[in-house]
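The values are calculated or read from the model by the stated rules, or taken from the named source; none is laboratory data. As the structure is a prediction and not an experimental result, all values here were calculated from the model. Don't worry about glycine lacking a Cβ; one is built from the backbone with ideal geometry, like all the others, and counts go over all protein chains shown. In case anyone asks, the SASA skips ligands and DNA or RNA and just uses the protein heavy atoms, side chains included. Shrake-Rupley method; radii C 1.70, N 1.55, O 1.52, S 1.80 Å.
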Amino acid sequence: MSFKRHIPNIVTLLNLFSGCIAVIFAVNGNFIAAAIFVFLGVFFDFFDGLLARKLNVQSPLGIQLDSLADLVTSGVVPGIIMFQLISEATNSPKLGVNSDSWNSVFHWEEFQLPVLPLIGLFITLASAYRLAKFNLDEDQQTYFKGLPVPANTLVILSLPLILEYQNNDLINSVIYNKWFLISLTLLSCYLLNSNIKLFALKFKNWGFKDNAVRYIFLILSVVLLIVLHFAAIPLVIGLYIVLSLVTQSKI
């Protein structure tokens, strides 16, 4: 069998590998390192499909593997990060068991599980549901129905990056507001599984007339990122949704 048919799947597994490393960092509260590996995973996620098309080796296995990798990189990681952020916003006790040995007897009285931050894991559940629907939906070839999980992940990942690198008191107070975080979680879950049609960044040709919304989106996104840095990421995703709603009839 030709080795080239395995190349896209290898790239997909690199996405999964990056996601697993990101999970480790996210669980330990190192959001910056987690974000780096998620961005790396999203990079691999973009190229596995491109390689499959270029090499003409698309397969049902590749589709399923891609979704499984995305669930970890763009589903589990943002869920954990939101769990951690809500925990910090509510001053919840740290999750853990006091023990000197990894295989010691488990004592329930030493185990503390904050309940409210678990809402953050709804993002993981909604991402899994969205990916499963995507695999069964044959219509989403030229557009997306609902917010793609990598786009939603970028919004969640932007929060700790904004806190770390922009450090604005007003913005920090908003991000560390538990009601803001819970509302953002529920909004994410809705957008992931909504029936809103969102344009795909796939160019059939380079003409402006056929790709006006894509060019406008890319130009405005670059401007926002240059001016606002990480704080621009939620605005870019919001712009993506608004432009898609405005051009519904053309998608």
Can you pull out the helices (runs of 4 or more DSSP H) entirely within the stretch 122-233 that have at least 3 residues that are open to solvent by 80 Å² or more (accessible area, probe 1.4 Å) and touching a residue at least 12 places away in the same chain (Cβ under 8 Å)? 122-136
Looking at the structure I just gave you, is L116 crowded, with 19+ Cβ neighbours inside 10 Å and at pLDDT 85 or above? no
Unique match (being under 20 Å from the mean Cα position of the chain (by Cα), of a type in the set (D, E, K, R) and over 20 Å from F39 (Cα atoms)) among K197, K209, K250: K197
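If I filter the stretch 123-140 for residues that are more than 18 Å from the chain's Cα centre (by Cα) and either of a type in the set (K, R) or modelled with pLDDT of 75 or more (or both), do I get at least one hit? Step through it out loud before you land on a result.
Here is the first cut: in the stretch 123-140, the residues more than 18 Å from the chain's Cα centre (by Cα) are 136-140.
Adding the requirement that they be either of a type in the set (K, R) or modelled with pLDDT of 75 or more (or both) leaves 136-137.
Yes, because at least one residue in the stretch 123-140 is more than 18 Å from the chain's Cα centre (by Cα) and either of a type in the set (K, R) or modelled with pLDDT of 75 or more (or both).
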